[in-house]
1. How many of the residues in the range 192-208 are closer than 18 Å to His158 by Cβ and surrounded by fewer than 18 Cβ atoms within 10 Å (Cβ to Cβ)?
2. Please go through the range 47-85 and give me each residue that is open to solvent by 40 Å² or more (accessible area, probe 1.4 Å), under 25 Å from Ala127 (Cβ atoms) and modelled with pLDDT under 90, ordered by number.
3. Checking Arg131 against (1) touching an Asp or Glu at 6+ places or on another chain (Cβ under 9 Å); (2) open to solvent by 50 Å² or more (accessible area, probe 1.4 Å): exactly one of these is not met. Which one?
4. What's the total number of residues in the range 219-251 that are open to solvent by 40 Å² or more (accessible area, probe 1.4 Å), outside any loop (DSSP other than H, G, I, E, B) and either within 13 Å of Tyr204 (Cα to Cα) or at pLDDT 95 or above (or both)?
5. Can Leu185 be described as crowded, with 20+ Cβ neighbours inside 10 Å and in contact with a strand residue (DSSP E or B) (Cβ under 7 Å, 6 or more places away or on another chain)?
Amino acid sequence: MGSTTRIEEADHMRIRVAIVEDDPLFLQQATTFVELFGEQTGRDFSVTTFNSATTFLKEFNANFDILLLDILMPSYNGIEVAQEVRKSDENLAILFITSTPQYAIKGYTVNALSYILKPLSWPAFEAEFSRAVDHVLAEERPTIMLQSGAKYYQVPHHTINYIESRQHKISVHTDDRDITVPYTLSALEERLSPAGFYRINSYYLVNMTHVESVEGQNCVLDTGVELKISRARKKGFIEALTRHLSDDGAS
């Protein structure tokens, strides 16, 4: 079914997908594509299918993350279904499935993320479904997209322990892997400092959530790793860490 750019995750959450489609062929094909996407990305999906809009609306309880929704159906069309959904769920990622693009344009009135044209093709489905997954992950918890060679990693902030600059290489140390990236430490500092990361010297950017203690000139992480704090940055780091821990305690 063609090549794919792998989006790998450093964290695992089950994404709940609803597919509403009255044509059995397209219903099965969409289900198969979601399962294939899960196999290729290592992402965990639960899929619930509905062969009519009426059945879906009767059972809908804002318990889904992504909705694949046919537009032309008996009783209710997809736009009407989406209007009902939006009354109780503003964040659900809606992807319309349609053979008629002009209908899909109306989807933006219900804040639909995108649409996929029939007949379904894997490249088009993969591209739009990836956007929906990114939307869900961003809503679930803050993430950062990191490139490493030909791969892209969608990494939740909380899984990053620290980032290291060594011998002209930048390594992002996460809970379950080290990722070498083509960025500067300063660029990552700019992106991540609002999320509770602090640069403790020329070589290290640490996630304050993972700081267990400060012992002399060393920052000790909850993984046991000890990192040196520069004298010039220690006072600012202690103040930032105190604020961070105070904010965490209040939330």
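1. 3
2. Leu72, Asn77
3. Only one criterion is unmet by Arg131, namely (1).
4. Going through the range 219-251 one residue at a time, the tally reaches 9.
5. When the stated conditions are applied, Leu185 does not pass them.
The values are calculated or read from the model by the stated rules, or taken from the named source; none is laboratory data. These numbers come from a predicted model, not from an experiment. Note that each Cβ is placed from the backbone with ideal geometry, even for glycine, and that neighbours are counted across all protein chains shown. Side chains are part of the model used for accessible areas, which takes the heavy atoms of the whole protein and leaves out ligands, DNA and RNA. Shrake-Rupley method; radii C 1.70, N 1.55, O 1.52, S 1.80 Å.
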